[in-house]
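Asker: I have a structure here, written as structure tokens, and I will follow up with some questions on it.
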Amino acid sequence: MKPLPWRLSAVVVPLLVASLLQAVPASADDAPPSGYPSWAEVQQAQGNEAAASAEVARINQLLVGLQQKSGELGAAAIKAGTEYAKAHEALVHQQEVTQKLVEASQQARAKADSLKKATSSLVVKAYESGGFDPGPWSLANAAVEPDNLQSYALLNRVLDRTAKLHADALSAAQASAAATAQEQAARDVLAQLDSDAAAKAQTAESARRAAEDSVAATEGQRTTLVAQLASLTSTSAAVAEKYQEGQVALAAYEAAQEAKREAAQRQAEAAAAEANRQAQQAQQSQQPISSGLGGGGTGSGSRGGGGGSVVNDPAGARQYASSRLGAYGWGQEQMQCLSQLWTQESSWMTDATNPSSGAYGVAQALPPDKYYSAGSDWLSNYRTQIDWGLGYIRDRYGSPCNAWQHEMGFNWY
């Protein structure tokens, strides 16, 4: 490329710098991170969690009340059942007493009827025969003389005694019937009480079961809400975590963009310096030579086997090394290790020289002429040095990150 005249450099160099600063290539990696939740979404998730928590607290309070009510209804059911059992027991006992009185009344009535029939038969027989056979009455009437048994007065006494026995039998039967009627009335009352107690017991038991069902239903609702709350809590935490990840990713993106802008600035400055140098060389070539020195020897380093001035361009060297990683089977994740390695070794300077060992160049080859296998311009061309250095790292360490690990452990690689 023909050097620019000095007069044009004042115009071309600023334009070149501006174009390089604007020439940072756009790619998918340059897009800001997306897909992360916003702060409003984090607040919404936290609000949903708080609402679910409040609902669970309300259900828990309701459940405590229902459980207390269920306990009270259960106690009432037990009390009603106890009262029913006592009423039923009294009814059964009264039925037994009544049954015994009924049997005694029936026996008394049967005895009265038998006495009545016997007395009637005795009177008829005495009247018809004109006499009286004491028969079964002899013991009861032992004071009566046998000769007087057929007398009318004796007959009257027998009849009176018989009538009294009959009257006593009738009275006993009537008393028994009255007692039976009273007992029957009492039994009817007890039966009604028994029925009422049974109804109360059944109502109390139904209320208890309904309360238990309500408690079970509410408990099921509480379980569901607790599960929902756990899910919402997990979701809220996940949204908040993703939001923080997004903030970290955004910060990393902005740092990367700033690094690219700085690299572009350095590249533009290096290009401007090179353009100025070429313009100065062009100006010098147009002036008369006033000494025996040759022109163009303005580089900071020595000339190598391929000749040419040393170009120190750390930003350009890094960019070239990054573009060559794929040729050696590595991904861009190795660039950070390589950058740290050669920054420590040479600061990516083409003419970097170790005063103690004599190692030279970006990759610090020792002895320096090892670079020659990569190109004769190794003394001044950082590209040649980088190609040799990448091959050395591959053959000896396998990857830049492995070489960097060795560097950190032994301070050489």
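The values are calculated or read from the model by the stated rules, or taken from the named source; none is laboratory data. Since the model is a prediction, treat every value here as computed from it, not as a measurement. So basically every Cβ, Gly included, is an ideal-geometry build from the backbone, and we count neighbours across all protein chains shown. Remember, those area values only see protein heavy atoms, side chains included, never the ligands or the DNA or RNA. Shrake-Rupley method; radii C 1.70, N 1.55, O 1.52, S 1.80 Å.
Asker: Compute the signed sum of charges (Lys and Arg +1, Asp and Glu -1) over the other residues within less than 10 Å, Cβ to Cβ, of Leu225.
Answerer: +1
Asker: On to the next question. In vacuum, with every alpha carbon of the stretch 325-383 counted as one equal point scatterer, what does the Debye formula give for log10 I(q)/I(0) at q = 0.20, 0.24, 0.25, 0.27 Å⁻¹? Two decimals, please.
Answerer: Evaluating at q = 0.20, 0.24, 0.25, 0.27 Å⁻¹ gives log10 I(q)/I(0) of -0.80, -1.01, -1.05, -1.11.
Asker: For His93, tell me the accessible area in Å² from a 1.4 Å probe, rounded to the nearest 10.
Answerer: 110 Å²
Asker: So how compact is the stretch 38-90: Cα radius of gyration and Dmax in angstrom?
Answerer: Answer for the stretch 38-90, Rg first and Dmax second: 23.0, 78 Å.
Asker: Could you tell me how far the Cα centroid of the stretch 175-230 sits from the Cα centroid of the stretch 250-279, in Å?
Answerer: 92 Å
Asker: Among the aspartates and glutamates, select those whose C-alpha is under 16 Å from the C-alpha of Lys164, and discard any that sit fewer than 8 residues away in the same chain.
Answerer: Asp113
Asker: Can you sort Tyr84, Tyr360 by 1.4 Å-probe accessible area, starting with the largest?
Answerer: Result of the area sort, largest leading: Tyr84, Tyr360.
Asker: A further question on this structure: If DNA, RNA and ligands are ignored and the probe is 1.4 Å, what is the ranking of Asp113, Asp213 by accessible area, most exposed first?
Answerer: Descending accessible area places them as Asp213, Asp113.
Asker: Sorted by accessible area with a 1.4 angstrom probe, largest first, how do Tyr382, Tyr253, Tyr36 fall?
Answerer: Tyr36, Tyr253, Tyr382
Asker: What spacing in nm lies between the two simple spin-label points modelled at Val102 and Asn276, each 7 Å away from Cα in the Cβ direction?
Answerer: Once both label points are built, they end up 13.6 nm from each other.
Asker: If you count only protein heavy atoms and use a 1.4 Å probe, how large is the accessible surface of Arg161, to the nearest 10 Å²?
Answerer: Near enough 120 Å² of accessible area.
Asker: Then there's this: To the nearest 10 square angstrom, how much accessible area does Glu262 have with a 1.4 angstrom probe?
Answerer: The value for Glu262 is about 90 Å².
Asker: Would you compute, for the Cα atoms of the stretch 175-228, the largest minus smallest coordinate along each principal axis and list the three values in descending order, in whole Å?
Answerer: If we take the Cα atoms of the stretch 175-228, the spans are 79, 8, 5 Å.
Asker: For labels at Glu262 and Ser53 in the simple 7 Å Cα→Cβ model, what's the distance in nm?
Answerer: A separation of 4.3 nm, rounded to one decimal place.
Asker: Could you work out how far apart the two model spin labels at Asp213 and Glu333 are, taking each label as a point 7 Å from the Cα in the direction of the beta carbon, and quote it in nm?
Answerer: Inter-label distance under the simple model: 6.3 nm.
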